[in-house]
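**Q** This is the structure, below, for whatever I ask next.
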Amino acid sequence: MKKRSKTMVERSAQPPEEIGQFFSSQWTVYERMVRFNLLRHKEMFACLREDLQSLKPGFSLLDLASGDAGSLAMALQGLRVSRCVAVDLAGGPVLLAARDNLRFRGIPAEVKALDFLRFVQSGCKQPFDAVTIAYSLHHLDHGDKQHFFQGVAQWIKPGGSLWVIDGLVPPGETPELWVAKVISHLHLQGETVYNAAEWQTVENHIGTCDHPEEATALHEMATAAGFQSMTTRLLLEGGLLGMLRFQK
């Protein structure tokens, strides 16, 4: 693996329990971010749907850090899914909403209230055809992202894929610049979505909890974990947001 750039400042990641508590207590804040498409969920999950439509009907899917799974449920509408497991540390009403959103669309969903990193590091007895994770991998520091790829590889069948929807640092830029640009983008696209206190919550969360990487760094981690290839499926907002597909 190539040496990390000196411009990459390592910020300590918050414990998963704190992040889970944030999303449980501030779910309405994040839900509006999704509803008003500030992070381009609609475009990302439309692209994901295109990929999932190409899979053999009856595929199995694991969704990590699922939230209420609303966007995923719409992406799976009308597709034949034999098994679907949604994992999220937030638990409670958020995870129950994920179960209901998926089952309402005919998806046989099972939900688990667990930290996604710990989950993928646990033993896997029944791997999946598809694994998805959206806007959550960036909560891990660099080392834990490596652990994530090593762990998640065992949950994917040979020939299966991992889809990562997340913030990405454009080549040659820094995570700190990414934070500034994303906050600017959110204000530009949704200034009236939040009040002043809510904007402070959003900005504090991004500034302290988000640790994005360049796509090339994620590719190297995936390769080291045994994935065969990475495809950039979609880049938006000048490359700040994207979807990557890693095939095993």
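**Q** Which fully enclosed helices (runs of 4 or more DSSP H) of the stretch 29-129 have 3 or more residues being over 18 Å from residue 151 (Cβ atoms)? Talk me through it step by step, then tell me what you get.
**A** Details: elements: 41-53, 70-75, 92-104, 116-121.
Once the helices (runs of 4 or more DSSP H) in the stretch 29-129 are filtered for at least 3 residues that are over 18 Å from residue 151 (Cβ atoms), what remains is 41-53, 70-75, 92-104.
**Q** Let me ask something else about it. Would you pick out the residues in the stretch 35-69 that are among the polar types (S, T, N, Q) and closer than 20 Å to residue 110 by Cα?
**A** Going residue by residue through the stretch 35-69, those that are among the polar types (S, T, N, Q) are 37, 53-54, 60, 66.
60, 66 - these are the residues of the stretch 35-69 that are among the polar types (S, T, N, Q) and closer than 20 Å to residue 110 by Cα.
**Q** Looking at the stretch 97-144, which of the residues that are in contact with a His (Cβ under 8 Å, 6 or more places away or on another chain) and in contact (Cβ under 8 Å) with a residue 60 or more places away in the chain is nearest to residue 77 (Cα to Cα)?
**A** Keep residues of the stretch 97-144 that are in contact with a His (Cβ under 8 Å, 6 or more places away or on another chain), which gives 117, 121, 134, 138-142.
Subset that is in contact (Cβ under 8 Å) with a residue 60 or more places away in the chain: 117, 134, 138-142.
Working: 117: 27, 134: 18, 138: 27, 139: 28, 140: 30, 141: 34, 142: 34 Å.
Restricting to residues being in contact with a His (Cβ under 8 Å, 6 or more places away or on another chain) and in contact (Cβ under 8 Å) with a residue 60 or more places away in the chain, the top hit is 134.
**Q** Could you please let me know if residue 29 is under 21 Å from residue 205 (Cα atoms) and surrounded by fewer than 23 Cβ atoms within 10 Å (Cβ to Cβ)?
**A** Numbers: under 21 Å from residue 205 (Cα atoms): yes; surrounded by fewer than 23 Cβ atoms within 10 Å (Cβ to Cβ): yes.
Against the criterion (under 21 Å from residue 205 (Cα atoms) and surrounded by fewer than 23 Cβ atoms within 10 Å (Cβ to Cβ)), residue 29 qualifies.
So that you can scan it fast, the table gives a plain yes or no per residue for (1) buried (at least 16 other Cβ atoms within 10 Å of the Cβ); (2) over 19 Å from residue 48 (Cβ atoms):
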site: 77; (1), (2): no, no
site: 94; (1), (2): yes, yes
site: 99; (1), (2): yes, yes
site: 115; (1), (2): yes, yes
site: 129; (1), (2): yes, no
site: 132; (1), (2): yes, no
site: 136; (1), (2): yes, no
site: 143; (1), (2): no, yes
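**Q** Yes or no: residue 66 without any contact (Cβ under 8 Å) to a residue 60 or more places away in the chain and polar (S, T, N, Q)?
**A** Values: without any contact (Cβ under 8 Å) to a residue 60 or more places away in the chain: yes; polar (S, T, N, Q): yes.
Yes: the conditions hold for residue 66.
**Q** Confirm whether residue 174 is polar (S, T, N, Q) and either closer than 21 Å to residue 243 by Cβ or without any contact (Cβ under 8 Å) to a residue 24 or more places away in the chain (or both). Working first, answer last.
**A** Details: polar (S, T, N, Q): yes; either closer than 21 Å to residue 243 by Cβ or without any contact (Cβ under 8 Å) to a residue 24 or more places away in the chain (or both): no.
No; evaluated as a whole, the condition is false for this residue.
Values quoted throughout were computed directly from the atomic coordinates according to the rules given, and no laboratory measurement underlies them. Keep in mind it's a predicted model, so treat the numbers as computed, not measured. Because the Cβ atoms are built from the backbone with ideal geometry, glycine has one as well, and the counts that use them run over all protein chains shown.
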